[in-house]
Amino acid sequence: MKPKPHLESLSLSHSASKPQMLSLRLTSFTHLFSPPSSAVISRRSPAILRRRHHPLPWSLAASFSAQSSAAETQDRVENSKNRVTERVITPRSQDFNAWYLDIIANAELADYGPVRGTMVIRPYGYAIWEAIQEYLNVKFKETGHSNMYFPQFIPYSFIEKEASHVEGFSPELALVTIGGGKELEEKLVVRPTSETIVNHMFTQWIHSYRDLPLMINQWANVTRWEMRTKPFVRTLEFLWQEGHTAHATLEEAEKEAIQMIDIYTRFAYEQAAIPVITGRKSKVETFAGACKTYTIEAMMGDKKALQAGTSHNLGQNFARAFGTQFTDENGLREYVWQTSWAISTRFVGGIIMTHGDDAGLMLPPKIAPIQVVIVPIWKKDDEKEAVLNAASSVKDVLQRSGIKVKLDDSDQRTPGWKFNFWEMKGVPLRIEIGPRDVASGSVVISRRDIPGKQGKVFGISMEPLNLEAYVKDKLDEIQSSLLERAIAFRDSNIVDVSTYDDLKAAISQGKWARGPWSASDEDELTVKEETGATIRCFPFEQPQGVKRCLMTCNPAEEVAIFAKSY
């Protein structure tokens with residue numbers, strides 16, 4: 001029995017009182033999604049209430065040798081170890097959630113929003129989202145979709161037209177009841193998704209089979225009144241793209257739904273280096289109002305599952321609710337067949353939790369806002385000009401070849417501080433240039449994915465063609481390495497099970513369980529109640545041979561993957 005839906009009401013009106021503003025030091029996101037107690041506030045020093053740039057978890061000695069001789073090479077290594085004991089980033093193995101929130105704060109991905117459960121996406125975090133947008137926009141247009149935009153305010157009566165849709169979304173709706181100082185005749189829903197308003201417009205645009213297929217996409221914000229939130233992963237408001245298509249036949253709609261989940265899968269593997277498992281959702285987990293939901297499921301660093309993208313075959317459910325019909329080639333009136341599909345900013349959270357380590361972010365080069373950072377190093381004033389000129393030249397060479405590069409030529413921080421700062425922000429490659437590097441016409445290059453001396457290579461020629469080829473090769477290596485590492489982690493944490501006891505044991509160990517399933521929806525809910533795990537999907541890739549359901553021992557045609565999830 002489902003609990004009675006609770007609708008959150010949002011009134012839009014002007015306030016005569018001037019709001020007070022308070023700025024807090026961004027050391028942790030812990031209080032962003034749960035308000036601090038008065039006891040905690042009273043213990044804080046007044047200095048904490050003054051906003052300042054976050055401290056890095058380390059500092060280096062002010063004097064730093066920039067030479068590339070054998071002795072100076074060791075000096076660089078030793079200096080990079082010279083960190084203070086204060087740790088801003090909680091170790092991942094100690095507290096995964098605190099680690100995640102610390103990275104978001106210290107890598108400057110997001111900040112507090114004034115409303116509990118919301119966040120401000122900062123430039124670096126938004127740049128990662130832009131990289132996701134850039135790839136997907138190209139793929140959408142290559143497959144015949146056009147971008148457009150629908151209003152974010154939707155009449156409540158639209159939501160009510162599709163019964164399962166309103167039942168599924170009612171607990172998450174934000175409603176506008178007042179506008180212009182007056183109570184509205186009909187309350188408005190702040191967009192939780194757009195199937196209803198899209199169908200309202202499709203009904204006006206689609207008349208004949210000649211108008212089909214109609215395939216559009218919009219980049220927009222969405223509001224869902226979540227009770228338990230986590231930045232990027234689950235917030236009251238988030239950014240996403242949502243595609244909507246209408247077709248003349250079920251077969252065309254199904255082909256479209258599969259095509260779009262395949263695009264998401266390729267993006268996850270090829271761009272984000274996240275080895276998702278692609279499959280079909282169970283009936284219990286299917287999107288409200290859809291006939292079938294396809295999903296990409298990613299294993300995070302704490303072994304929880306993240307639903308990273310979905311594609312829905314809506315059948316004719318919304319078309320019948322809104323009367324979206326067309327005249328076919330025989331002159332008969334038919335309802336259209338539809339799909340919808342989406343990826344959101346939760347994918348940014350997935351990237352953090354898949355690849356990050358105790359030092360901070362670790363970004364796949366293909367989606368990194370900065371692929372290479374150049375850190376010039378000088379000790380004496382008379383060395384500065386030559387080093388900066390060489391660094392600028394290297395930057396120009398790499399930029400002309402299409403590499404996203406940043407020259408950190410500020411002199412307010414030590415080179416060691418810069419090393420660790422850009423490491424925390426996940427920049428795949430770092431180039432160091434000192435006076436003797438300039439004299440020898442070479443640079444030092446460090447990989448973010450291989451810590452310490454093992455990831456550092458000396459004496460790479462500054463000659464443009466050589467340097468460009470070397471850097472591109474290393475970026476490709478990092479991209480592949482991150483994917484291979486994530487695949488190995490995923491595969492080592494999936495357990496094949498044949499009984500319910502096996503499943504419970506696997507879940508209790510924090511792993512994913514994969515086993516034959518043909519049991520009822522009630523049995524599926526029992527698994528969730530007793531283990532906290534849900535069916536993430538029935539994978540497209542299925543093992544051959546005879547199978548028997550792990551719960552009922554009846555014949556089963558498919559295996560399902562069970563896991564705890566975000």
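The values are calculated or read from the model by the stated rules, or taken from the named source; none is laboratory data. Predicted model, so just to flag it, every value in this text is computed and none were measured. Cβ coordinates were reconstructed from backbone atoms using ideal geometry, including for glycine residues, and neighbour counts include every protein chain displayed. Accessible surface areas use protein heavy atoms only, side chains included; no ligands, DNA or RNA. Shrake-Rupley method; radii C 1.70, N 1.55, O 1.52, S 1.80 Å.
I need every pair where a residue in segment 382-399 that is assigned by the TED database to the domain that holds Arg436 and closer than 16 Å to Ser410 by Cβ has its Cβ under 9 Å from the Cβ of a residue that is at pLDDT 95 or above and open to solvent by 60 Å² or more (accessible area, probe 1.4 Å), sequence separation at least 6 or different chains.
Close Cβ pairs satisfying both conditions: Leu388/Asp409; Ala391/Asp409; Ser392/Asp409; Lys395/Lys406.
Just name the residue that is farthest from Phe232 (Cα to Cα) out of those in segment 103-125 that are outside any helix (DSSP H, G or I) and of a type in the set (Ser, Thr, Tyr).
Tyr112
For the structure I just gave you, tell me whether Asn466 is in contact with a Lys or Arg (Cβ under 6 Å, 6 or more places away or on another chain) and either of a type outside the set (Gly, Ala, Ser) or touching a residue at least 24 places away in the same chain (Cβ under 8 Å) (or both). Please lay out each step first, then the result.
On the way: in contact with a Lys or Arg (Cβ under 6 Å, 6 or more places away or on another chain): no; either of a type outside the set (Gly, Ala, Ser) or touching a residue at least 24 places away in the same chain (Cβ under 8 Å) (or both): yes.
Criteria not met by Asn466.
In this structure, is Thr552 in a helix (DSSP H, G or I) and not assigned by the TED database to the domain that holds Glu226?
In short, no.
Which of the numbered conditions does Thr414 fail, given that it passes all the others? Conditions: (1) more than 25 Å from Asn466 (Cβ to Cβ); (2) in contact with a Gly (Cβ under 6 Å, 6 or more places away or on another chain).
The one condition Thr414 does not meet is (2).
If Phe326 meets every condition in (1) closer than 22 Å to Leu239 by Cβ; (2) in contact with a His (Cβ under 7 Å, 6 or more places away or on another chain) apart from one, which number is that one?
(1)
Could you please find all residues in segment 291-308 being without any contact (Cβ under 8 Å) to a residue 40 or more places away in the chain, in contact with a Phe, Trp or Tyr (Cβ under 9 Å, 6 or more places away or on another chain) and among the hydrophobic types (A, V, I, L, M, F, W, C)?
Ile296
Of the numbered conditions (1) open to solvent by less than 20 Å² (accessible area, probe 1.4 Å); (2) in contact with a helix residue (DSSP H, G or I) (Cβ under 6 Å, 6 or more places away or on another chain); (3) closer than 21 Å to Ser194 by Cβ, Ala110 satisfies every one except a single condition; which is it?
Of (1) open to solvent by less than 20 Å² (accessible area, probe 1.4 Å); (2) in contact with a helix residue (DSSP H, G or I) (Cβ under 6 Å, 6 or more places away or on another chain); (3) closer than 21 Å to Ser194 by Cβ, only one is false for Ala110: (3).
Do the conditions hold for Gln412, that is, is it in a helix (DSSP H, G or I), surrounded by fewer than 20 Cβ atoms within 10 Å (Cβ to Cβ) and polar (S, T, N, Q)? Step through it out loud before you land on a result.
Numbers: in a helix (DSSP H, G or I): no; surrounded by fewer than 20 Cβ atoms within 10 Å (Cβ to Cβ): yes; polar (S, T, N, Q): yes.
No: the conditions fail for Gln412.
Is segment 360-380 home to any residue that is more than 23 Å from the chain's Cα centre (by Cα) and polar (S, T, N, Q)?
no
Output the strands (runs of 3 or more DSSP E) that fall wholly within segment 258-373 and possess 3 or more residues being among the β-branched types (Val, Ile, Thr), or say none.
Of the strands (runs of 3 or more DSSP E) lying wholly inside segment 258-373, those with at least 3 residues that are among the β-branched types (Val, Ile, Thr) span 292-299.
Of everything in segment 423-448, what is charged (D, E, K, R) and under 13 Å from Leu467 (Cβ atoms)? Give them in sequence order.
Asp437 - this is the single residue of segment 423-448 that is charged (D, E, K, R) and under 13 Å from Leu467 (Cβ atoms).
Suppose we filter Lys366, Lys380 for residues that are surrounded by fewer than 23 Cβ atoms within 10 Å (Cβ to Cβ), closer than 30 Å to Trp129 by Cβ and not hydrophobic (A, V, I, L, M, F, W, C); which single one remains?
Working: Lys380 fails: closer than 30 Å to Trp129 by Cβ.
Going through Lys366, Lys380 in turn, just one is surrounded by fewer than 23 Cβ atoms within 10 Å (Cβ to Cβ), closer than 30 Å to Trp129 by Cβ and not hydrophobic (A, V, I, L, M, F, W, C): Lys366.
For segment 221-232, give me each residue that is assigned to a loop (DSSP other than H, G, I, E, B) and either open to solvent by less than 10 Å² (accessible area, probe 1.4 Å) or not assigned by the TED database to the domain that holds Pro114 (or both).
Pro231, Phe232
Check Thr193, Thr223, Thr203 and return the single one that is under 19 Å from Glu256 (Cβ atoms) and not charged (D, E, K, R).
The unique qualifying residue is Thr193.
Results for (1) touching a Pro at 6+ places or on another chain (Cβ under 8 Å); (2) on the phi < 0 side of the Ramachandran plot; (3) at pLDDT 95 or above; (4) not assigned by the TED database to the domain that holds Pro171, shown as yes or no for each residue.
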{"site": "Trp219", "(1), (2), (3), (4)": "no, yes, yes, no"}
{"site": "Thr245", "(1), (2), (3), (4)": "yes, yes, yes, no"}
{"site": "Val276", "(1), (2), (3), (4)": "no, yes, yes, no"}
{"site": "Gly289", "(1), (2), (3), (4)": "no, no, no, no"}
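List pairs: first in segment 343-372 and under 20 Å from Ile487 (Cα atoms) and aromatic (Phe, Trp, Tyr), second outside any helix (DSSP H, G or I) and open to solvent by less than 10 Å² (accessible area, probe 1.4 Å), Cβ under 8 Å, 6+ apart or cross-chain?
Sorted first by the residue in segment 343-372, then by its partner, the pairs are Phe347/Ala272; Phe347/Ala308; Phe347/Gly309.
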